[in-house]
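Worksheet for the structure shown next.
Every number in this text was worked out from the coordinates using simple rules, so none of it is lab data. None of these values were measured; they are calculated from a predicted model. We place every Cβ from the backbone using ideal geometry, glycine too, and count neighbours over all the protein chains shown.
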């Protein structure tokens, strides 16, 4: 197992260093989730890679179930499980995969829904939450840009959604496996809804769209829906933390690079844009405007 320590100061690095069969990569400062994952990937060589946040507790069968699903077809690039919320009273779901909406928004399917036995069938999904997901190394290497599997400009948040898109453009499939179960405490690796987090989310939402949206989504109703939703959700974030609005400026500064990367991503596609558009469901506007429908992880 490889653990990348991003400049922690709570003793966790020392704890991991004392564990048998654990390789610890120590960073003197916080380089961000994406950069740390890329470091871990470069330090490993297995055919499959499990990404797992510290605030996730895997059930014993998670890994075997996920690997079995991945092994069922050579074009499955990622497998996500049935993630439950942890803590609180009534058991609720955290994620059963990512769902794409016609506005370009990508959310965790079923986040906050009662854990009432729904989603007991394995099925293909648009993508999966990197809070706990199994990835085929061949896929990760196939979609990497300039040696980066996860986009390090994102620092944290939405990097798994960007990966969903890039994998889809290259023809890789993603699956939800209900037998792979885990609990996600959410927020255990960082503070909820700080100014910095809100700023990253705003910037990365826009950058994901610029980098990956199908060509016919760059105008007309798709673009209008995306712009409206981004503006409304950015406004909500700015009401909580005024500095969050700076995320839009961050995305604007990235725009030339995002457009260059878009040429690479879309230019290397193996599938017709209609295949990605086919995953898009109607945007649940009422839920979105209330601030619901889940985050990216």
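Taking other Cβ atoms within 10 Å as a rough exposure proxy, 101, 176 sort from fewest to most as 101, 176. Among 113, 226, 47, the largest mean-square fluctuation in a Gaussian network model of the chain, built with springs joining Cα atoms closer than 10 Å, belongs to 47. Taken over region 1-57, the percentage of Cα pairs per 10 Å bin, counting from 0 up to the bin with the maximum distance, is 21, 59, 19, 0. For region 128-274, the alpha carbon convex hull comes to 129 Å³ per residue, rounded to a whole number. Full extension of the chain between residue 61 and residue 1 yields a length gain of 19.9 nm, computed as 0.36 nm times the residue separation minus the alpha carbon distance. Put in order of Cβ neighbour count within 10 Å, fewest first, the listed residues 181, 44 become 44, 181. I want to verify a result. In a Gaussian network model of the chain, Cα cutoff 10 Å, which of these has the top mean-square fluctuation: 39, 111, 19? The residue with the greatest mean-square fluctuation here is 19.
For a label point 7 angstrom out from the Cα of residue 141 toward its Cβ, which stretches of region 62-83 have the backbone nitrogen within less than 17 Å? Residues passing the 17 Å test: 74-78. With 0.36 nm allotted per residue and the present C-alpha distance subtracted, the residue 123-residue 42 stretch has 26.1 nm of extension available. Spin-label model, residue 281/residue 19: points 7 Å from Cα along the beta carbon direction are separated by 3.4 nm.
Label positions at residue 227 and residue 92, each projected 7 Å from the Cα along the C-beta direction, are separated by 3.4 nm. Between the alpha-carbon centres of region 91-121 and region 229-261 there is a gap of 25 Å.
Per residue, the chain reaches -12000 deg cm²/dmol at 222 nm when only DSSP H runs of four or more residues are counted, each adding -39500 (n - 2.57). For region 64-78 and region 147-164, what is the centre-to-centre distance using only Cα atoms, to the nearest Å? So the separation of the two Cα centres works out to 22 Å. Across region 46-297, the mean sequence separation of Cα contacts (distance under 8 Å, 6 or more residues apart), normalised by length, yields a relative contact order of 29 percent. Just so you know, the Rg over Rh for region 3-119 is 1.00, from Cα atoms, with Rh as the Kirkwood radius.
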